[in-house]
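Peer 1: Structure in structure tokens, see below.
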């Protein structure tokens with residue numbers, strides 16, 4: 001989960017092509033702070049951990065409660081208009097979104113379950129409380145599937161093959177081909193394939209992050225998604241982990257620590273020294 005948060009933090013200052021679409025940039029600056037991507041990643045993780053083994057309805061209720069709770073704690077984190085209204089609603093209902101918010105917050109679902117069928121089901125539940133458009137659900141399922149496969153030892157070729165077969169995303173383009181015309185867009189269908197491509201091309205955790213940021217556009221969310229996959233595949237260098245962790249508030253650290261200490265969390269080197 002820290003990979004998603006790091007991607008969000010590092011990508012945030014360079015959103016809207018402010019990074020010049022290059023991989024050569026300072027990894028952390030003063031403006032490298034978490035946004036709504038990290039807040040909702042934490043919220044979903046908390047909800048899923050508290051409902052392990054419970055019914056779908058209980059999981060949905062927990063997701064709604066947790067997202068609204070965390071949204072109220074951080075009201076200025078940068079939520080979209082429709083989601084902001086949902087956060088404040090007394091009886092929130094899904095609103096047919098296919099925005100990339102469903103994919104950026106789903107990271108925990110890729111870690112907490114023992115098989116890919118359950119992983120995909122839980123990812124769909126995290127999406128459908130708001131983003132119940134088929135593309136919104138698809139983006140969450142594809143992201144969590146890539147995380148699940150990566151943490152269970154699948155090669156990048158195997159991950160790519162599964163994603164293309166199951167979700168029909170176009171992964172034929174290289175990042176060099178995507179980069180020149182890529183722009184700020186907030187749909188799953190124009191964010192998730194690009195994030196997966198950045199993950200597939202990256203040579204280590206940091207290189208995935210830099211590659212994702214270099215695409216520009218909505219690169220805090222794109223890099224959040226790519227970072228969640230990179231963590232599962234590579235682990236996270238200790239210095240990068242610590243820098244990001246230190247920029248979180250204590251209540252977010254508490255959930256993160258609980259997540260990595262969760263009894264259902266697989267044995268994994270989530271911190272890897274360079």
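Peer 1: If I model segment 108-247 as equal point scatterers sitting on the Cα atoms and use the Debye formula, what is log10 I(q)/I(0) at q = 0.12, 0.14, 0.17 Å⁻¹?
Peer 2: Those come out to -0.44, -0.60, -0.91, one per q.
Peer 1: Please give the FRET efficiency for residue 164 paired with residue 58, using the beta carbon to beta carbon distance and R0 = 35 Å, rounded to the nearest 0.05. Could the numbers behind the result be given before it?
Peer 2: Values: r = 34 Å, r/R0 = 0.97.
Taking R0 as 35 Å, the efficiency between residue 164 and residue 58 is 0.55.
Peer 1: Using the 10 angstrom Cβ neighbour count as an exposure proxy, how do 82, 229, 9 rank, fewest first?
Peer 2: Working: 82 15, 229 32, 9 27.
So the ranking, lowest neighbour count to highest, is 82, 9, 229.
Peer 1: Sticking with this structure for a sec: Say R0 is 22 Å: what FRET efficiency, to the nearest 0.05, do residue 184 and residue 243 get from their beta-carbon distance? Before the final figure, lay out each step's value.
Peer 2: Working: r = 26 Å, r/R0 = 1.19.
Computed FRET efficiency for residue 184 and residue 243: 0.25.
Peer 1: Here's a follow-up. Suppose R0 equals 41 Å; then what is the FRET efficiency for residue 171 and residue 84 from their Cβ-Cβ distance, rounded to the nearest 0.05? Write out the running numbers ahead of the final one.
Peer 2: Values: r = 32 Å, r/R0 = 0.79.
E between residue 171 and residue 84, to the nearest 0.05, is 0.80.
Peer 1: Calculate for the chain the 222 nm mean residue ellipticity that helices alone would give, adding -39,500 (n - 2.57) per DSSP H run of length 4 or more and normalising by residue count, nearest 500 deg cm²/dmol. List each step's numbers first, then the result.
Peer 2: Details: 14 runs with 159 residues, N = 274.
Value at 222 nm, helices only, nearest 500: -17500 deg cm²/dmol.
Peer 1: Principal axis extents for segment 30-156, Cα atoms only, whole Å, descending order, please.
Peer 2: Principal extents (Cα only, largest first): 40, 39, 26 Å.
Peer 1: Now for a separate question. In nm, what is the difference between 0.36 nm times the number of residues separating residue 115 and residue 50 and their Cα-Cα distance?
Peer 2: On the way: separation 65, 0.36 × 65 = 23.40 nm, distance 1.88 nm.
Computed gain between residue 115 and residue 50 is 21.5 nm.
Peer 1: Given Cα positions, please report Rg to Rh for the chain, the hydrodynamic radius being the Kirkwood one.
Peer 2: Working: Rg = 16.6 Å, Rh = 17.9 Å.
Result: Rg/Rh = 0.93.
Peer 1: With all pairs of different alpha carbon atoms counted, what Kirkwood hydrodynamic radius in Å does segment 87-186 show? Each step should come with its number before you reach the end.
Peer 2: Numbers: mean 1/r = 0.0693 Å⁻¹.
With all distinct Cα pairs of segment 87-186 included, I get 14.4 Å.
Since every read-out is calculated from the coordinates, none of them should be taken as a lab result. All figures in this text were calculated on a predicted structure; none of them were measured in a lab. In this analysis, Cβ positions are derived from the backbone assuming ideal geometry, glycine residues included, and neighbour counts consider all displayed protein chains.
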